[in-house]
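Let me begin by presenting the structure, written as structure tokens, before commenting on it.
What follows draws every value from the coordinates through simple rules; no lab data is involved. Just so we're clear, the structure is a prediction, and the values are computed from it rather than from any experiment. Note that each Cβ is placed from the backbone with ideal geometry, even for glycine, and that neighbours are counted across all protein chains shown.
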Amino acid sequence: MISMINHYYCTLFDSNYLPQGRAMIESLLYHDKRAVIFVLCIDENVYLNLSECNFCDRLFLIQLIELEKYNDNLLDSKSNRSKVEYYWTCGPAFLLYVFENYLDVSFLTYLDADLYFYSSPDIVFEQIGSSSIAIVPHNFIWSARRLLKYGYYNVSWVSFRRDDEGLNCLKFWHLECIDYCFDRLDSKGRYGDQKYLDNWTNHYKNVCVLQLPGVNMAIWNVGRYRLSHSNQNLLINKNSPLIFYHFSGLKMLSNNCFITNISRYYTPLTKIIKHSIYLPYILKIKELGFPYNEKEIIDLRRDNSSFNGYWKSFLRFVYRDRIYIKSLN
């Protein structure tokens, strides 16, 4: 299966993200026939589930314990950070593990588990060309620019080539995340695994900053674009295909009701966003067993009891931020 013509990807997730992770994988395999995906299975349930799927021949499954045995520094960091922070720390370590153990992989792309592909990523690789590193900006809408302090770039898609620049960048990123990878902004301006990317265009040569509007569309930037249909294809600004959407912020309020949180950025949930982007994804993750998280609902209700919560509720009402699945009937 290892071949120069393949597109190699890696991702990681636990059982809580299994429906999202599987949805991302299935959509990518459908739209990229050259895709081969390395999956870091955070727990046994993920490993068993993916081992039994009908596309497992295009996956390499690595269990977390294998990575921890291979990388002593990673395991040492586990005790002083939260579960999510540790998963962030695992990202660069897993990329490095794949490069060091699969020597025929010449170019490797990390993907977040909550992405969903709507068309082929071939044009992304065309834009990357011979670059050693590829990163994607958040492309924040005006109402989200307050989030720039957490990072100009997003870790949803990060690519490295097996050359001096690519590997040096990856190795240093790994060490940085071992040192500090926390869900808070510190006095040095570091945040998670993400803020480090802000320095890469200055410190490394041959970095491609992806400038395709259809790459990493999300609630924090979808309001910048005009969406339309042409021959059943979803187009951005009349000429660019939607390649993948990043479903950060999506929550399940009940078995038949989801909230997108698009209202955070004063963006309305238009008919085309709802029916062409969100509904296909929601139906897919529900089919794959997307869980009802009672704790999240309790936290949301508690938040709604404050003044800030009332304001958020008002925005959700104004911008039609809820999706009712039964309305499809």
Check: Once you measure Cβ to Cβ distances between cysteines in the chain, which Cys have no partner under 4.7 Å?
Finding: 10, 41, 53, 56, 90, 169, 208, 257
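Give me 244, 117, 55 ranked fewest to most by other Cβ atoms within 10 Å of their Cβ, as a rough exposure proxy. List each step's numbers first, then the result.
Numbers: 244 25, 117 22, 55 14.
By the 10 Å Cβ count, ascending: 55, 117, 244.
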Item checked: Linear extension gain, residue 30 paired with residue 211, 0.36 nm per residue minus alpha-carbon span -> 62.8 nm
Margin query: Please report the spacing between the Cα centers of the stretch 83-100 and the stretch 242-289 in Å, no decimals.
Written below: 28
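Assuming R0 = 35 Å, can you tell me the calculated FRET efficiency for the pair residue 203 and residue 56, based on Cβ-Cβ distance, to the nearest 0.05?
Efficiency, rounded to the nearest 0.05: 0.35.
Once a ≥ b ≥ c are taken as the square roots of the eigenvalues of the Cα gyration tensor of the stretch 49-148, is the result rounded (a/c under 1.5), prolate (a/b larger than b/c) or oblate (a/b not larger than b/c)?
Values: a/c = 1.61, a/b = 1.17, b/c = 1.38.
Oblate, since a/c reaches 1.5 and b/c is not below a/b.
Tell me whether the stretch 1-55 comes out rounded, prolate or oblate; compute the Cα gyration tensor, take square roots of the eigenvalues as a ≥ b ≥ c, and use a/c under 1.5 as the rounded threshold.
Numbers: a/c = 2.07, a/b = 1.76, b/c = 1.18.
Prolate.
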Next item on the list: Run the quick spin-label model on residue 48 and residue 271: label points 7 Å from Cα toward the beta carbon, then report their separation in nm to one decimal.
Entry: 4.6
Note to self: Between 0 and 90 degrees, rounded to the nearest ten: what's the tilt of helix 294-304 against the longest Cα principal axis of the chain?
What the structure shows: 60
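Quick check: from the Cα gyration tensor, does the stretch 13-108 come out rounded (a/c under 1.5), prolate or oblate? It would help to have the intermediate numbers written out before the result.
Working: a/c = 2.01, a/b = 1.36, b/c = 1.48.
Oblate shape, in that a/c is at least 1.5 and b/c is the bigger or equal ratio.
Give me 5, 37, 325 sorted ascending by neighbouring Cβ count inside 10 Å, so fewest comes first.
Working: 5 5, 37 22, 325 15.
Ordered from fewest to most neighbouring Cβ atoms within 10 Å, 5, 37, 325 come out as 5, 325, 37.
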Item checked: Cα→Cβ-extended label distance, 7 Å offset, between residue 257 and residue 226, nm -> 3.5
Margin query: What distance in nm lies between label points placed 7 Å from Cα along the C-beta direction at residue 163 and residue 104?
Written below: 2.2
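If you place +1 on the Cβ of every Lys and Arg, -1 on the Cβ of every Asp and Glu, and leave all else neutral, what size is the dipole of the chain about its Cα centre, to the nearest 20 Debye?
Working: 36 positive and 33 negative charges, 376 e Å.
That gives a dipole near 1800 debye.
Compute the relative contact order of the chain as a whole-number percentage, counting only Cα pairs closer than 8 Å that sit 6 or more residues apart in sequence. Provide the component values of the computation, followed by the final result.
Values: 534 pairs, mean separation 55.0, N = 329.
Over the chain, the number comes to 17 percent.
With an 8 Å Cα cut-off and a minimum separation of 6 or more residues, compute the relative contact order for the stretch 44-129 in percent.
Details: 26 pairs, mean separation 14.5, N = 86.
About 17 percent, as a whole number.
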Next item on the list: Just need log10 I(q)/I(0) for the stretch 188-274 at q = 0.24 Å⁻¹, Debye formula, equal scatterers on the alpha-carbon atoms, no solvent, rounded to two decimals.
Entry: -1.20
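At 1.306 mPa s and 10 °C, plugging the Kirkwood radius over alpha-carbon pairs of the chain into Stokes-Einstein gives what diffusion coefficient in µm²/s? List each step's numbers first, then the result.
Details: Rh = 20.6 Å.
My calculation gives 77 µm²/s for D.
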Check: Too long at a 21 Å Cα-Cα cut-off: which of 251/286; 149/238; 251/271; 251/274?
Finding: 149/238
